[in-house]
Amino acid sequence: MATSVTGSPVPSPREVLYAVAAAAIAWCAVRALEWAWWRPRRLDRALRSQGLRGTAYRPVAGDVQLSQRLNKEARSRTMPQGCHDVVPRAMPLLHQAAKEHGKMSFTWLGPVPRVTITKPELVREVLSNKSGHSEKLNLGRLQRMLHNGVGGHEGEKWAKHRRIINPAFHLEKLKRMLPAFAACSTELVCRWEGLAAGDAPCEVDVWPEMQSLTGDVISRAAFGSSYLEGRRIFQLQREQIELAMFAMSKMHIPGYLFLPTKANRRMRQIAAEIGRILKGIIVKRENALRAGEATSDDLLGLLLESNMVHGRGDGITTDDVVGECKLFYFAGMETTAVLLTWTMVVLCMHPEWQDRAREEVTQVFSAGTTPDYDGLGRLKTVR
């Protein structure tokens, strides 16, 4: 008697496709839950177990929306003249967290906790710790469009970039850039004198003037003879920073930077144009160096020279140099403009210090004299 044996049915291609799709969806769901909920909850428990207190975690967004609301409320109130209590206005979220949870507390930037430390000895310990536990904030794609320079690198890459960049910022080399600083400042003063030449009162909005001044200084100091191209980079980078600040307010939306919004498209266009301009300048400078021409005294020339001398076959790439050039603007533009503007505000609040500073400058530098390094070193009040 013959017996037939029937095997298990073979799944159809459609069933295989469904199974693969279900597995992929499940894997993505697990990864999303790990990123948005499980890992933040583990970190929250770990921080609280060590005695830290902080804001409650809100899935995905963290404290972004709370920070936006507090910022809006803080800026809607006018600060009294002469008030130096700036923390509630400049950093209202951290101020509120410190009031409610203590001076060492934590808040949430999306699904990532941020521990705020105010004790100087603890700050010193964290900054001097070489174990690598204190990582730099990485904004990913947004950071790469802004600068992608040494400020965002870690480990060996940071060490290599720092080794190559350091010689370009030696004091003796920075002294060579003083004429560029003086030229930009002289142009600004001459323009203001022209505005105030008439009999009618003249009011100047200092903030955009200081932004333009710092952009001019960086353009000349960084690119020298390529100053006009540097000015274009400054204009683009300034627009990019404004777009980046808007994008950061939407960081709680997963994949926001990949959405085809008008702002995102403009950010990509700006990043591409800045890259094209910088690569064109860099290639011309590198060709000149290989041809034996003297190095320019600007930051780009010094950086390329240092890369050739100290790189020893393991230097940084053209894209890396582009990132460092972007960082010149990103790190020096807004920070210096804010400092200069605030200095002028404080001088207006204290006219007696204006008189002392003006008297000191006229004593050290005669009329029409371009400031030099030795003379600047003799300014005690201004410094």
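Relative to the longest principal axis of the Cα atoms of the chain, helix 92-101 runs at roughly 60 degrees. Which of these, ASN307, ASN71, ASN287, has the largest mean-square fluctuation under a Gaussian network model of the chain (Cα springs below 10 Å)? Of ASN307, ASN71, ASN287, the most mobile in the Gaussian network model is ASN287. Using the rule -39500 (n - 2.57) for each DSSP H run of four or more residues, divided by the residues of the chain, the 222 nm mean residue ellipticity is -20500 deg cm²/dmol. Considering only beta bridges that DSSP places wholly inside the chain, some 75 percent are antiparallel.
When the chain is treated as a Gaussian network with alpha carbon springs shorter than 10 Å, the biggest mean-square fluctuation among ILE165, ILE274, ILE253 belongs to ILE253.
Between GLY54 and PHE106, the built amide H atoms are under 5 Å apart, and every one of these is 5 or more places off in sequence or on another chain. Using θ = phi - 60° and the Karplus relation 6.51 cos²θ - 1.76 cosθ + 1.60, list the HN-Hα couplings for region 36-42 in order, rounded to whole Hz, with x at every Gly or Pro. 3J(HN,Hα) across region 36-42, in whole Hz: 8, 9, 5, 5, x, 5, 5. For the pairs LYS157/LYS380; LYS157/LYS250; LYS119/LYS157; LYS72/LYS160; LYS160/LYS284; LYS173/LYS262, note any where the Cα-Cα span goes beyond 32 Å. Over 32 Å Cα-Cα: LYS157/LYS380; LYS72/LYS160; LYS173/LYS262. Labels on offer are (1) 5, 23, 33, 25, 11, 3, 0; (2) 5, 22, 31, 28, 13, 1; (3) 4, 15, 23, 24, 18, 8, 3, 2, 1, 1, 0, 0, 0, and the one holding P(r) over Cα pairs in 10 Å bins from 0, in percent computed from this structure is (3). Have a look at VAL150, VAL189, VAL283 and tell me which one the Gaussian network model of the chain (Cα, springs below 10 Å) gives the largest fluctuation. Evaluated over the chain, the most mobile residue of the options is VAL189. Note on the chain: with charges restricted to the Cβ of Lys and Arg (+1) and Asp and Glu (-1), its dipole about the Cα centre is near 1680 debye.
Where a number appears in this text, it was derived from the coordinates with a stated rule and is not lab data. Just so it is clear, the model here is predicted, and its values are computed rather than measured. Using ideal geometry, Cβ is built from the backbone for each residue, glycine included, and neighbour counts are taken over all protein chains shown.
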